[in-house]
Amino acid sequence: MRYFKLSEIANVQSGLVLNRKEAKDEASIACTYKRLNLRSLDEDGKVDELSLDNYNASEILDEQIITVKGDVIVRMFAPICPVTITEETSGLVIPSQLSTIRMKDTTQVLPEYLRYYLSQDSVINKILVEEGWQSQRTIKISTIANLLIPLPKMEQQITIAKIARANAKRKKLYQELIQQEDVHIGALINKIIGGNSR
């Protein structure tokens with residue numbers, strides 16, 4: 001197994017300080033974007049598109065602070081909640097509370113594998129150790145960039161990504177079943193209570 005610092009396999013960069021490029025009034029709007037926020041980073045590794053905000057920019061923004069397919073976006077405090085950017089979620093503004101991890105060579109590193117690896121509790125703990133176990137403290141870019149990443153062969157990365165994807169779907173189905181069961185139990189209890197009060 002080969003190990004690389006994250007900075008060796010990807011460019012790690014913080015997002016935009018929003019008020020620097022934000023239009024002050026309607027007349028100064030050059031372009032309106034959708035932007036990520038902290039709520040947008042789903043625990044299952046996807047962007048929650050319903051929680052995106054509008055962002056009126058005073059100029060066309062640099063592509064470095066706009067999401068591109070294959071990017072991995074992380075929060076700059078624990079838990080980092082890494083998400084993978086898809087075709088559908090490209091073109092979003094990345095604010096300064098988030099950072100972009102952009103692969104240097106996608107033939108060597110599969111973004112979904114990297115996202116899965118970064119979401120592991122052991123990785124979060126390494127980050128917290130580096131930051132002095134202060135979970136509410138901002139994580140430095142250098143801490144993320146210096147993480148050692150195990151890099152299996154591409155076929156293994158693909159397999160890991162498939163397993164992680166299937167597990168995320170399974171978890172979502174379980175959660176939906178639990179919610180449905182809660183509704184059913186609530187209705188049943190209300191029926192019993194209603195029946196006894198007559």
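Just a few scattered comments:
- Rh by Kirkwood over Cα pairs, then Stokes-Einstein D for the stretch 1-130 at 1.306 mPa s and 10 °C, µm²/s: 104 µm²/s
- Among Q108, Q180, Q97, the residue with the largest mean-square fluctuation in a Gaussian network model of the chain, with springs joining Cα atoms closer than 10 Å, is Q180.
- Candidates per chymotrypsin sites (Phe, Trp or Tyr not before Pro) in the stretch 108-198, loop by DSSP, up to 16 other Cβ within 10 Å: W133
- The smallest convex shape that holds all Cα atoms of the stretch 93-198, its convex hull, gives 183 Å³ per residue.
- Note on the stretch 109-189: with neighbouring protein chains present and a 1.4 Å probe, carbon and sulfur make up 58 percent of its accessible heavy-atom surface.
- Most mobile listed residue (I101, I65, I185) in the chain, GNM with C-alpha springs under 10 Å: I185
- Dividing the radius of gyration of the alpha carbons in the stretch 53-98 by their Kirkwood radius gives 0.98 for Rg/Rh.
- Hull shadow area, averaged, the stretch 155-198 [alpha-carbon convex hull, nm²]: 2.4 nm²
- Pairs beyond 29 Å (Cα-Cα), from K140/K169; K126/K171; K21/K172; K104/K172; K21/K171; K34/K140: K140/K169; K21/K172; K104/K172; K21/K171
- Net charge over other residues, Cβ less than 14 angstrom from the Cβ of L128 (K, R count +1; D, E count -1): +1
- GNM result for the chain, Cα springs below 10 Å: residue of L188, L61, L110 fluctuating most strongly: L188
- Summarising the strand pairing of the chain, around 90 percent of its internal DSSP beta bridges are antiparallel.
- Ellipsoid semi-axes in whole angstrom, largest first, where each is sqrt(5λ) of the Cα gyration tensor of the stretch 81-143: 23, 15, 10
The values are calculated or read from the model by the stated rules, or taken from the named source; none is laboratory data. As the structure is a computational prediction, the values presented were derived from the model and not from experiment. Cβ coordinates were reconstructed from backbone atoms using ideal geometry, including for glycine residues, and neighbour counts include every protein chain displayed. Protein only, heavy atoms only, side chains kept; ligands, DNA and RNA dropped before computing areas. Shrake-Rupley method; radii C 1.70, N 1.55, O 1.52, S 1.80 Å.
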